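Taking it in order: structure first as structure tokens, then the write-up.
Values quoted throughout were computed directly from the atomic coordinates according to the rules given, and no laboratory measurement underlies them. Remember, predicted model here, so these are calculated numbers, not experimental data. Positions of Cβ are generated from backbone atoms using ideal geometry, with glycine treated the same way; all protein chains shown enter the neighbour counts.
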């Protein structure tokens, strides 16, 4: 009894003092794994407030979700209206029907839409629908495709990028794929996907990251593909929970009992509907120009300061990689130094319509300073050995020297 009372007393004191005792591992948002701060207090446009300091966010802008920027006024205004009128009841929201009509108009080759709240569960749902139509199928996965899907495949084969499919000889029963990540698909791969589909392969296109980011709609539309199922999340509702499984009636109709109470919450439908209404009038060439600008900055600064880097191809999901044996230490150092400059940055950049000229200018200025420091570091004789032996001590002391 005394021990129980003591535990309760300790928990009360810890809670009162605001000490964090436990960590809840939310894998999608564990930025401390890549060197970013763990918590934020406010987020507006392309800026994030952490305690009393505002930062420009030039990382992945909410894991690619906020294409319009954080807390978009137009979308927020509609969501708040919905909340005041009641966001939930025993009946379905009219906005579910409105969003469905809009999505089917964007995808005239589809007939059915299902909804849930996150990309992982949406991909799992899509795979369940496909597996129901096949007997012990051979399934190929290209890319990440969500947190749960890896546990459900009958025969699991993974490829990192879409062009790796050229190596595949036999036709799979189901293929779940990201068409674009950091490289564009080869026309031979597109032709192979179309051929497999004609022969009976079920195509599930994962547009969780690329949907409404590469273009208004799915990037599969740029290549004349009509997958049996396409999955959207993230950018489709600009930061509000919503995921879409849209596809052909023959695959989508099922006797499976698929249901979850909060999937019919109307906030996601409202956010999705008005996000798409706004994105429809956005100039997508701006995202391309932003990505190309940052890629050029990385390339020119790397040459100027003699840094070896590799660059991605896709401007809307642009990335770079330090080309050194100990590249992760350099990446973490880049992230840390950019934070000191008031920039949340990674080795990848997802453009947002909220990234204005002032923000881009601040990023370029900070990037120039940090690349210069890193260039001086890696061009010092023996830096890699010293960095590898005691990275924390070396980085701390070497940066002090560089500042002198």
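With both labels modelled 7 Å from their Cα along Cα-to-Cβ, the residue 90 to residue 282 distance reads 3.9 nm.
The residue 259 and residue 83 beta-carbon pair, evaluated with R₀ = 22 Å, returns a calculated FRET efficiency of approximately 0.40. Taking label points 7 Å from Cα along the Cα-to-Cβ direction, residue 182 and residue 49 give a separation of 3.5 nm.
Segment residue 195..residue 169, full-extension length gain: 8.1 nm, with 0.36 nm per residue of separation and the alpha-carbon distance subtracted.
Classify segment 302-358: rounded, prolate or oblate, from the alpha-carbon gyration tensor (a ≥ b ≥ c, eigenvalue square roots; a/c under 1.5 rounded; otherwise prolate if a/b is larger than b/c)? Because a/c hits 1.5 or more and a/b fails to exceed b/c, segment 302-358 counts as oblate.
Against the empirical 2.2 N^0.38 Å (N residues), segment 73-279 has a Cα radius of gyration ratio of 1.01. Computed from the C-beta positions of residue 326 and residue 372 and an R0 of 22 Å, the FRET efficiency is 0.70 to the nearest 0.05. Protection proxy ranking for 138-144, 318-324, using the average of other Cβ atoms within 10 Å per residue and placing the highest first: 138-144, 318-324.
Protection proxy ranking for 106-112, 95-101, 235-241, using the average of other Cβ atoms within 10 Å per residue and placing the highest first: 235-241, 95-101, 106-112.
Can you figure out the FRET efficiency of residue 299 with residue 39, using R₀ = 35 Å and their beta-carbon distance, to the nearest 0.05? Taking R0 as 35 Å, the efficiency between residue 299 and residue 39 is 0.55.
Among 252-263, 169-180, sorting by the average number of other beta carbon atoms lying within 10 angstrom of each residue, highest first, gives 169-180, 252-263.
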